[in-house]
Amino acid sequence: MNIHLCKGDETLDQALEYINEHDSEGRRYTFDKEADRCYIGDEAFVNAPVIINYKNNYWALHIAE
């Protein structure tokens, strides 16, 4: 699992763009801002390949199909 910490005024969309551009294996990710919000220790958090931490809130990314 990788965790992306948003910097300053970076938005969730900018974080996703950065992650997709810099994935070492060329994978692309996606997420739903409502459905994919998660909490430390829950199933989505534990199983996500990438987590975005935005102002101490977390979103679980999924590999795009």
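Laid out as a table, the results:
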| read-out | value |
| --- | --- |
| Options ASN20, ASN57, ASN53, ASN2: the member that is polar (S, T, N, Q), under 12 Å from the mean Cα position of the chain (by Cα) and surrounded by 16 or more Cβ atoms within 10 Å (Cβ to Cβ) | ASN20 |
| Pairs where the first residue, in the stretch 2-15, is at positive phi and the second is modelled with pLDDT of 95 or more, C-beta under 7 Å, 6+ apart | none |
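The values are calculated or read from the model by the stated rules, or taken from the named source; none is laboratory data. These numbers were taken from a predicted model, which means no experiment stands behind them. In this analysis, Cβ positions are derived from the backbone assuming ideal geometry, glycine residues included, and neighbour counts consider all displayed protein chains.
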